[in-house]
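No lab work stands behind these numbers, since they all come straight from the coordinates. Keep in mind that what you see is a predicted model, and the values were worked out from it rather than measured. Note: ideal-geometry Cβ built from the backbone for every residue, glycine included; neighbour counts use all protein chains shown.
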Amino acid sequence: MHPNLINNVNVAAQDVLLTPDEIKQRLPMTDAAEATVLDGRRTVQRILDRQDHRLFVVVGPCSIHDVEAARDYARRLKALADEIRDTLFVIMRVYFEKPRTTVGWKGLINDPRMDDTFDIDQGLQVARGLLLELAELGLPAGTEALDPIIPQYIADLIAWTAIGARTTESQTHREIASGLSTPVGFKNGTNGNLEVAINALQSAARPHSFLGINQFGQSAVIRTLGNRYGHMVLRGGDRPNYDSVSIALCEKALREKKLPVNIVVDCSHANSFKDPAMQPLVMRDCVHQILEGNSSIVGLMVESNLGWGNQSIPADRSQLKYGVSVTDACVDWPTTPTKQREAHTKLKNEQPRRLAA
């Protein structure tokens, strides 16, 4: 018998990772971090339940590739979050995984040195360490759940989770969402299809049993209770879908399926044609809809970094521009507080009326 001709024919190697428990022992949760995470989750739940009049805003880099720049950004964002907290509840976008249409950099967890060495052990520890710092700073974090194993390593430090347009239709991700401890936003399909997200919301609200790992790295059957804090994220498709007609059609579709009419608008991606200069216009339009009586828009997403636009990853990593995205183009820091403050000023008197209505 020749098992090498049967098993793992296309596998070059298998590297054993540290278990979730081992990494958490190295980077344990602190009381301050736990308080931030719990407050973040409960606040978003209250917003979705219409017990808190604020919008939640998930704002930050398209992806994290430079931890020092992320810390710099977080310190600025925390000051802004405290300033506008009576109207907007700010969550920092902290994306460590990037889905690829074909190939490309897969994110800090998968390839922390950006050199195709894929030191995932290091990536997991760097990611968890940054999330701990942000939580201890008092800044809740939001991320995308992509790999089904990674939540066991970092999900305890996450306040809000997204399921991306490419994976909303995935049974695996619907099952994962049913067991996550955070509210979960499902994005519409890449072509703008709402049905896949509505199906996902129905699925994730129900109990599931599926294969995963436990804290000790053992294969396990994960049995969930279902997540009742799923909600729709409109990110555009073949055309933008943040306008009032698109919002009304989404509201109708949610009501027909007896789902909560909670909508988050992603101001980037197809809603901005991936042009960062369009993001503030999308945000302004959503604010105007709220001022005109909309009650379904509960949150916004903005891709923002220290510097404007994006950059390719150079062969010489020392040539990377500080604070500039290596994935989707982002608005810069000066634009971010300006537009958040504009929304705050316009909504501060209107928002409380949404609860009264």
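Among all stretches of the chain without exposed GluC sites (Glu not before Pro) (DSSP loop, at most 16 other Cβ atoms within 10 Å), which one is longest? Please list the in-between numbers first.
Working: sites that count: GLU292, GLU350.
Counting only loop sites that pass the neighbour cut-off, the longest clear stretch is 1-291.
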ask   = Mind checking which lysines have their C-alpha under 24 Å from LYS346, skipping anything on the same chain fewer than 8 residues away?
value = LYS78
message = Given the options GLN122, VAL58, LEU108, identify the residue whose Cα lies farthest towards the positive end of the charge dipole of the stretch 1-133 (+1 on Cβ of Lys, Arg; -1 on Cβ of Asp, Glu).
response = VAL58
task = Please give the calculated 222 nm ellipticity per residue for the chain, where each DSSP H segment of at least 4 residues contributes -39500 (n - 2.57) and the sum is spread over every residue; nearest 500 deg cm²/dmol?
result = -11000 deg cm²/dmol
ask   = What spacing in nm lies between the two simple spin-label points modelled at ALA248 and ALA277, each 7 Å away from Cα in the Cβ direction?
value = 3.1
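Sort largest first and round to whole Å: the equivalent ellipsoid semi-axes of the chain, each the square root of five times a Cα gyration tensor eigenvalue.
Values: eigenvalues 203, 115, 82 Å².
Computed over the chain, the values are 32, 24, 20 Å.
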Cα centroid separation - the stretch 3-59 against the stretch 229-299, whole Å = 26
Unit charges on C-beta of K, R, D, E only; dipole of the stretch 134-231, Debye = 260
inquiry  = Using the crude model of +1 on Lys and Arg Cβ and -1 on Asp and Glu Cβ, and no other charge, please compute the dipole size for the chain relative to its Cα centre, in debye to 20.
reply    = 1080
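Just how large is the dipole of the stretch 1-143 about the Cα centre, in debye to the nearest 20, putting +1 at every Lys and Arg Cβ and -1 at every Asp and Glu Cβ?
500
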query = Antiparallel DSSP bridges in the chain: what percent, to the nearest 5?
reply = 15
request  = State the answer as a single residue: which of PRO352, GLN289, GLN279 lies farthest towards the positive end of the charge dipole of the stretch 242-357, with beta carbon charges of +1 for Lys and Arg and -1 for Asp and Glu, about the Cα centre.
outcome  = PRO352
ask   = If you count, for each residue, the other Cβ atoms within 10 Å and average over each peptide, how do 203-211, 152-160 line up from highest to lowest?
value = 152-160, 203-211
message = Can you report the principal axis dimensions of the stretch 235-334 using only the alpha carbons, biggest first, rounded to whole angstrom?
response = 54, 26, 20
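For the stretch 1-145, count the residues as N, evaluate 2.2 N^0.38 Å, and divide the Cα radius of gyration by that value, please.
On the way: Rg = 18.8 Å, N = 145, 2.2 N^0.38 = 14.6 Å.
Ratio of Cα Rg to 2.2 N^0.38 Å: 1.29.
How would you order 184-190, 335-341 from highest to lowest mean count of nearby Cβ atoms within 10 Å? Could you put the intermediate results ahead of the total?
Details: 184-190: 25.1, 335-341: 18.4.
Top of the packing list down: 184-190, 335-341.
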query = Hey, if you put +1 on the Cβ of every Lys and Arg and -1 on every Asp and Glu Cβ in the chain, which of LEU48, ALA35, ASN188 ends up farthest toward the positive end of that dipole?
reply = LEU48
